[in-house]
Amino acid sequence: MELEKFKYDNKIVKYFAIATVIFGIIGMLVGLMIATQLFLPQLNLGIPYTTFGRIRPLHTNAVIFAFVGNAMFAGVYYSMQRLLKARMFSDTLSYIHFWGWQLIILAAAITLPLGLTTSKEYAELEWPIDIAITIIWVVFGINMIGTILKRRERHMYVAIWFYIATFVTVAVLHVVNSFEIPVTMFKSYSWYAGVQDALVQWWYGHNAVAFFLTTPFLGLMYYYLPKAANRPVYSYKLSIIHFWSLIFIYIWAGPHHLLYTSLPNWAQSLGTVFSIMLIAPSWGGMLNGLLTLRGAWDRVREDPVLKFMVVAVTAYGMATLEGPLLSIKNVNAIAHFTDWIIAHVHVGGLGWNGFMIFGMLYWLVPKMWGTKLWSTKAANIHFWLGTLGIIVYALPMYTAGVVQSLMWKSFNAEGFLEYPNFLETVTQIVPMYMMRAIGGLLYFTGVIIMAVNLVRTAKQGSFKAEETAEAPALEKKRIVGGHWHSRWERKPVFFTVLVLIAIVIGGVVEMVPTFLIKSNIPTIASVKPYTPLELHGRDIYIREGCNNCHSQMVRPFRSETERYRGEYSKAGEFVYDHPFLWGSKRTGPDLHRVGGAYNNVWHFNHMLDPTSTSPGSIMPPYPWLFEDEINPGLTAGKIKALRTVGVPYAEGFEDVANDDLMKQARSITEDLKASNVEIIETAEIVALIAYLQRLGTDIKVESTNQNQ
Amino acid sequence: MDNNTLFSQESMLYITFGLVLVVALLVLIVAVYVLQLLKAFIRKDMTEEQLAAEQMEQGWFARLWTKWNSFRPMEEEEELLLDHDYDGIKELDNHLPPWWKWLFYLTIVYSVIYLMIFHVFKSSPLQEEEYELEMTAAAKMKQVEQVEVVYDFDENTVTLTTDQTELADGQKFFATQCGVCHKADGGGLAGPNLTDKYWRNGGDITDVYKVIKNGVPGTAMISWENRLNPIRIRNVASYVLSLQGTNPPNALGPDGDLYEPGN
C-alpha cells in the first residue's frame with residue numbers, strides 16, 4: 001500500500017483557540033458585572049445598554065457560543081484531522097466558518113445590549129442572525145462530513161460519533177426553535193404561542209445544553225484525555241452503549257424545565273422519567289473517562305492537564321446526577337425559579353466545560369508551538385483558584401436557592417404567608433450574591449493567569465502552521481463482518497442518518513400531540529388578543545429583558561396563588577403569547593397576575609425608581625422609558641405579523657389600530673394626571689403600564705361571568 | 001385540639017428533610033473526593049517504599065470499587081486491547097461496569113412505575129388535584145379554628161377597641177400583611193395613605209371594617225373575610241384608625257374624600 005503524504009491544518013486550530021481565550025475573558029467579565037449588579041444595582045449605570053435584563057443574555061451567549069463554541073471548534077478541528085488521518089475537507093470552508101462565527105458573536109455583542117432580542121433563552125438573537133447561524137453551522141457540517149468522507153481511517157472513533165451527533169442535532173434544534181415571523185429588520189415574533197412555544201423553547205434550551213455543551217465535549221474528552229494520560233480508553237462497549245442511549249434519551253428531557261407549569265401533565269411526566277433514565281448514560285461518559293485513568297493516577301498528580309480533566313469529568317458527573325434529581329417533581333417544586341438552578345448550571349459550565357477547555361488548551365498550545373508549558377506552577381495555581389472559585393460560587397447559590405424557596409412557601413400557624421413581601425426574601429439572600437461574585441472573581445483570576453501562561457508558552461516556542469503526516473489511502477473494497485457496531489462505524493452517511501432518527505423521535509412524540517390535540521390546551525373564551533398599545537408594551541417588556549428576572553407562571557401551589565392573589569396560570573391564557581414569557585428565574589416576583597394589582601401611578605413611580613415604592617429593591621431604574629416614545633408606525637406591521645401566525649385580529653384592524661392605541665393611552669395618562677403625574681400618550685412607559693395592567697386579567701372576566 | 005399541622009406544611013417538612021439529605025450527601029461525596037485528590041497530591045512526597053506498602057493494603061472502598069466494576073487485573077490489560085489505533089489512542093474491550101448497568105435498569109424500572117402510577121392507575125394526584133388537596137387541607141384547618149364562635153357584633157355594629165393587647169395584635173398583623181401595600185407605618189405605597197383624614201371609602205370604624213372584610217372590587221384590596229375572624233378584623237381596623245395623624249415620613253398625599261370623625 002502506498003503511503004500518502006498530507007498536512008494537518010494547525011492554523012485554524014490556533015485561530016479558534018485564541019478566540020476561545022479572548023471570549024472567555026469577555027464573557028466572564030460580563031458575568032462578573034451582572035453578578036455584582038444583583039447586590040449593587042447602581043452598576044446598572046442608569047443607561048439601557050448595561051442593565052441586567054439586557055446583558056444577562058449577553059453573558060450567557062458569550063460564554064456558551066463564543067467561549068465554549070470556539071473551544072469546541074478548536075478541539076474538533078485539531079482532533080478530527082488526526083482521528084481521520086486527513087486534512088480538513090476545505091480550507092476555505094474552515095475560514096468561512098471561523099470568521100462567520102466571530103461575526104455572529106460581534107452581531108450578538110451589538111444587538112443584545114441594544115435590546116434586539118427574541119426573549120427565548122440561549123436563542124435570543126434576532127432573525128437575520130439566526131439565518132447567519134444556520135448558514136455557518138451548515139458550513140461547519142459540510143466541512144466535517146467532507147473530511148469524514150475523504151478519511152484515511154476505515155472506522156470512525158467514538159469522538160467522531162459525538163461530533164456527528166452535535167452537528168446534526170444542533171442544526172435541527174436551531175432551525176425548529178427559530179421559526180419566527182419578521183416584523184422589521186431586527187424584530188420578529190415566534191411562530192409558536194404560549195404552551196407550544198414553551199415546549200419548543202425548552203426542547204431547544206435543554207438540548208442546547210446536551211448537544212452544544214455536552215456531546216462535543218464528550219467527544220473532546222475521548223480524544224484529549226487518553227492522549228494526555230497516554231492510556232487506552234477503558235471500554236469500547238461502554239462507549240457504544242452510553243453514546244446511543246445518551247443521544248436518544250436526552251432529547252426527551254426538555255419538559256423538566258416546565259414542571260408544575262401549564263404544560264400538559266403527560267409531557268411533564270415524560271420530562272421527568274427521561275431525565276431519571278439519563279443518569280446512567282451520562283455517567284457512562286464520566287466512568288469511561290475516569291476509568292481510562294486507571295493506572296495513570298500517579299500522572300494525574302503531576303500533570304495540570306489531567307488534573308483539570310479529572311475535575312471536569314467529576315463536575316460532569318455531579319451535574320448530570322443533580323439534573324435528574326432536580327427533575328423530580330418535589331425537588332423541582334423547591335428549586336425551580338431559584339438560584340439553585342444558577343448553581344447547577346455553573347457547576348456544569350465552570351466545572352465541566354471550563355475545566356475541559358483549560359485542560360485541552362494547556363495540552364494543545366505547547367504541542368502546536370513545539371515547546372513545553374511556560375509555567376506548570378502557574379497552571380497549578382490556576383487549577384486551585386478555579387476549583388475554589390467553583391465551590392465559593394456554588395455553595396452560596398445552593399443556600400440562597402433553598403432559603404429563598406422555603407421563605408416563599410412558608411405559612412404561619414394562622415395560615416398566612418410568613419413573608420408576604422417578596423422583597424424580604426430577596427434582601428435575605430443578598431449576602432449570598434456577594435459571595436457568589438467573589439467565587440466568580442477567583443475563577444476569573446485563574447483564567448487571566450492561564451492567558452498569560454499560554455501567551456508566554458507560545459512566545460517561547462515556534463508555531464507549526466502545517467504538520468506533515470502520512471497514511472495509506474483507504475482501499476476501495478467492500479469489507480464485511482466484524483462487530484455490528486464496527487460495521488456502522490465504516491458507514492458515515494448511514495451512521496448520520498441513524499443519529500438523526502435517534503434524536504428526532506423524542507421531540508416528535510412530545511411536540512406533535514401538543515400542537516395537534518386540542519385538549520392539551522383548553523381554550524378560555526374570555527382570553528382575547530392584546531390591544532395595540534399592550535402589544536407595544538409587551539415588546540418593550542421583551543426588549544428590556546424583564547423575563548430574565550420575572551416569571552409569568554403562577555404554579556399550582558397554595559403558596560403561589562396566595563402570594564400572587566389569583567388562580568394559578570392556565571394553558572389557555574397564553575394562546576396569543578408570541579413568544580411565551582414564562583421566564584425561568586424569579587429574581588423578582590412573578591408578574592402573571594400583576595394586572596390590576598397596583599394602580600398606574602405605582603407602576604409609573606416604580607419604573608422610574610424602584611426603591612421609591614419598594615425600599616431596598618435591587619431592580620434597576622428605567623428612566624429612558626419616560627423620554628423615549630413608541631413608534632405607532634410599527635403598529636400595523638405588528639398586527640399583520642401576528643395575524644399571520646394565528647392571532648385573530650379582524651381583517652383591516654391594522655388601519656384603525658392606532659386610534660385604539662391613542663384612546664387607551666389617553667385613558668392611562670388621564671388617570672396618571674389625577675395623581676399629579678404628566679406624561680405624553682406615546683411615552684414608552686404608558687405602553688408598558690398598559691401591558692402590565694392587562695397581564696393575567698382576562699381569566700378574571702371569565703370568573704365574573706360565571707358568577708352571574 | 002392540636003390540629004395546627006397543615007398537610008402542606010407536613011409534607012413540606014419531609015421534602016425539606018429529603019432535600020437537606022440529598023444536598024448533604026452530595027457535599028459528602030465531594031468532600032471525600034477532594035480529600036482523595038488531596039491525599040493523592042500529598043503522596044508525591046512519599047518514598048518508594050511507603051508507596052509500595054500502601055498499595056499492598058487496599059482500602060475498603062478500593063476493594064468495593066474493584067468488585068462492583070469487576071475489574072480485570074491491570075496485568076491482563078494486554079489481552080483486552082482492541083486492534084484499532086486512532087492517532088495513537090487504543091481501546092480496551094472491558095465489559096460494562098455491572099453496577100452501572102444495574103443503575104440503568106433501575107432507572108428504567110423507576111420510569112415505568114412512575115408513568116403507571118400517575119397515568120395508568122392514576123393512584124397519585126397530578127398537579128391540579130394536588131393543588132385542590134392542598135387548598136382543602138388549608139380550608140379544613142380554618143374551619144376547625146373557627147368552630148362555633150358567636151360574635152356579638154357585625155360590620156354595622158362594630159366599635160373601636162382600645163384594648164392594648166388587641167391593638168398590638170392588629171399592629172402585628174398590619175405590619176406583616178397590610179404593610180406590603182400600605183407600608184408598615186401606614187404611609188402608603190401601592191395602596192393609599194391610611195394616616196391622614198382622606199379616605200376613598202369612608203373613615204369610620206364600620207367603613208374600615210367593611211373594606212377589610214369585603215375588599216374593594218376593581219382594586220388590589222382583596223377581601224379578608226375568609227382569612228381573618230371578625231375579632232382580628234376589628235383589631236386591625238382599630239389599629240389602622242389609631243394611626244390617624246401620625247404623619248409618618250414620605251407618606252403619600254391625600255387620596256379620596258375628607259372625613260371628620262363624628263360626621
Of the residues that sit in region A:328-344 and are assigned to a loop (DSSP other than H, G, I, E, B) and away from chain B (no Cβ under 11 Å), which one is most open to solvent (accessible area, probe 1.4 Å)?
A:HIS336
Filter region A:568-579 down to the residues that are part of a loop (DSSP other than H, G, I, E, B) and closer than 13 Å to A:LEU695 by Cβ and list them by number.
A:SER569, A:TYR576, A:ASP577
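Condition check: under 33 Å from the mean Cα position of the chain (by Cα) and at pLDDT below 90. Does B:PRO254 satisfy that?
On the way: under 33 Å from the mean Cα position of the chain (by Cα): no; at pLDDT below 90: yes.
No: the conditions fail for B:PRO254.
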When A:LEU306 is evaluated against the numbered criteria (1) open to solvent by 20 Å² or more (accessible area, probe 1.4 Å); (2) among the aliphatic types (A, V, I, L, M); (3) over 27 Å from A:THR272 (Cβ atoms), which criterion, by number, is the only one it fails?
(1)
Every residue from region B:150-195 that is closer than 24 Å to A:GLU418 by Cα and open to solvent by 70 Å² or more (accessible area, probe 1.4 Å):
B:GLN164, B:THR165, B:GLN171, B:LYS172
Of these, B:VAL240, B:VAL216, B:VAL236, which one is more than 14 Å from every other protein chain (Cβ to nearest Cβ) and β-branched (Val, Ile, Thr)?
B:VAL240
From (1) farther than 19 Å from A:GLY254 by Cα; (2) surrounded by fewer than 22 Cβ atoms within 10 Å (Cβ to Cβ), pick out the condition that doesn't hold for A:HIS578.
(2)
Of the numbered conditions (1) within 11 Å of chain B (Cβ to nearest Cβ); (2) at pLDDT 90 or above, A:TRP602 satisfies every one except a single condition; which is it?
(2)
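Okay, residues lined up against (1) without any contact (Cβ under 8 Å) to a residue 40 or more places away in the chain; (2) in the same structural domain as A:GLY115 (by TED's automatic domain parsing):
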{"residue": "A:LEU441", "(1), (2)": "no, yes"}
{"residue": "A:THR445", "(1), (2)": "no, yes"}
{"residue": "A:VAL480", "(1), (2)": "yes, yes"}
{"residue": "A:ILE521", "(1), (2)": "no, no"}
{"residue": "A:SER526", "(1), (2)": "no, no"}
Given (1) in contact with a helix residue (DSSP H, G or I) (Cβ under 8 Å, 6 or more places away or on another chain); (2) closer than 25 Å to A:THR36 by Cα, index of the condition A:ILE542 fails
(1)
Counted residues, region A:526-566 - those being surrounded by fewer than 21 Cβ atoms within 10 Å (Cβ to Cβ), in a loop (DSSP other than H, G, I, E, B) and among the polar types (S, T, N, Q):
2
Search result, residues across region A:602-624 that are within 30 Å of B:PRO217 (Cβ to Cβ), open to solvent by less than 30 Å² (accessible area, probe 1.4 Å) and either of a type outside the set (Ser, Thr, Tyr) or in contact with a Pro (Cβ under 8 Å, 6 or more places away or on another chain) (or both):
A:TRP602, A:HIS603, A:PHE604, A:HIS606, A:MET607, A:PRO610, A:SER617
Testing B:SER223 on (1) surrounded by fewer than 18 Cβ atoms within 10 Å (Cβ to Cβ); (2) over 18 Å from B:ASP154 (Cβ atoms); (3) small (Gly, Ala, Ser), one condition comes back false. Which one is that?
(2)
So is A:TYR236 of a type in the set (Phe, Trp, Tyr), at the interface with chain B (Cβ under 10 Å from one of its Cβ atoms) and surrounded by 24 or more Cβ atoms within 10 Å (Cβ to Cβ) or not?
no
Between A:GLY348, A:GLY401, A:GLY370, which is out of contact with any Asp or Glu (no Cβ under 8 Å at 6 or more places or on another chain) and open to solvent by less than 30 Å² (accessible area, probe 1.4 Å)?
A:GLY348
Please determine whether any residue of region B:130-149 is touching a strand residue (DSSP E or B) at 6+ places or on another chain (Cβ under 8 Å) and of a type in the set (D, E, K, R).
no
Residue by residue through region A:122-152, note down the ones that are within 14 Å of chain B (Cβ to nearest Cβ) and either within 24 Å of A:LYS187 (Cα to Cα) or open to solvent by 30 Å² or more (accessible area, probe 1.4 Å) (or both).
A:ARG152
Qualifying positions in region A:282-324 - at the interface with chain B (Cβ under 10 Å from one of its Cβ atoms), charged (D, E, K, R) and more than 23 Å from the chain's Cα centre (by Cα)
A:ARG294, A:ASP298, A:ARG301, A:GLU302, A:LYS307
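With respect to B:LEU115, determine if the residue is in a helix (DSSP H, G or I) and within 30 Å of A:SER269 (Cα to Cα). Spell out the reasoning first.
Working: in a helix (DSSP H, G or I): yes; within 30 Å of A:SER269 (Cα to Cα): yes.
Yes: the conditions hold for B:LEU115.
Please go through region A:387-397 and give me each residue that is buried (at least 22 other Cβ atoms within 10 Å of the Cβ) and closer than 25 Å to A:LYS585 by Cβ, ordered by number. Steps first, please.
At the first step, the residues of region A:387-397 found to be buried (at least 22 other Cβ atoms within 10 Å of the Cβ) are A:387, A:389-390, A:393-394, A:396-397.
Scanning region A:387-397 gives A:GLY389, A:ILE390, A:TYR393, A:ALA394, A:PRO396, A:MET397.
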Flag if A:LEU58 is touching a Pro at 6+ places or on another chain (Cβ under 7 Å), of a type outside the set (Gly, Ala, Ser) and surrounded by 22 or more Cβ atoms within 10 Å (Cβ to Cβ)
yes
It is to be established whether one or more residues within region A:76-93 are buried (at least 23 other Cβ atoms within 10 Å of the Cβ), among the charged types (D, E, K, R) and over 22 Å from A:THR134 (Cβ atoms).
no
Among (1) more than 29 Å from A:LEU326 (Cβ to Cβ); (2) surrounded by fewer than 23 Cβ atoms within 10 Å (Cβ to Cβ); (3) not β-branched (Val, Ile, Thr), the one test that A:ALA571 misses
(1)
Take the conditions β-branched (Val, Ile, Thr) and over 18 Å from B:GLU166 (Cα atoms) and apply them to B:VAL211. Does it pass?
yes
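Can you work out which of the residues in region A:656-676 that are within 29 Å of A:TRP191 (Cα to Cα) and out of contact with any helix residue (DSSP H, G or I) (no Cβ under 7 Å at 6 or more places or on another chain) is surrounded by the most Cβ atoms within 10 Å (Cβ to Cβ)?
Looking only at region A:656-676, we keep the residues that are within 29 Å of A:TRP191 (Cα to Cα), and these are A:656-662, A:664-665.
Applying the additional criterion that residues be out of contact with any helix residue (DSSP H, G or I) (no Cβ under 7 Å at 6 or more places or on another chain) yields A:656, A:659, A:662.
On the way: A:VAL656: 12, A:ASP659: 10, A:MET662: 15.
So the residue we want is A:MET662.
Have a look at A:GLY115, A:GLY141, A:GLY146 and point out the one that is out of contact with any Leu (no Cβ under 6 Å at 6 or more places or on another chain) and on the phi > 0 side of the Ramachandran plot. Break it down stepwise before answering.
Details: A:GLY141 fails: on the phi > 0 side of the Ramachandran plot; A:GLY146 fails: on the phi > 0 side of the Ramachandran plot.
Selected residue: A:GLY115, the only one of A:GLY115, A:GLY141, A:GLY146 that is out of contact with any Leu (no Cβ under 6 Å at 6 or more places or on another chain) and on the phi > 0 side of the Ramachandran plot.
Could you check region A:36-52 and list, in sequence order, the residues that are in a helix (DSSP H, G or I), open to solvent by 10 Å² or more (accessible area, probe 1.4 Å) and either of a type in the set (Gly, Ala, Ser) or touching a residue at least 60 places away in the same chain (Cβ under 8 Å) (or both)?
Answer for region A:36-52, where residues must be in a helix (DSSP H, G or I), open to solvent by 10 Å² or more (accessible area, probe 1.4 Å) and either of a type in the set (Gly, Ala, Ser) or touching a residue at least 60 places away in the same chain (Cβ under 8 Å) (or both): A:THR36, A:PRO41, A:PRO48, A:TYR49, A:THR50, A:PHE52.
The values are calculated or read from the model by the stated rules, or taken from the named source; none is laboratory data. This is a predicted model, so every value here is computed, not measured. Glycine gets a Cβ as well: all are built from the backbone with ideal geometry, and neighbour counts include every protein chain shown. Heads up: the accessible areas ignore ligands, DNA and RNA and are worked out on the full protein's heavy atoms, side chains in. Shrake-Rupley method; radii C 1.70, N 1.55, O 1.52, S 1.80 Å.
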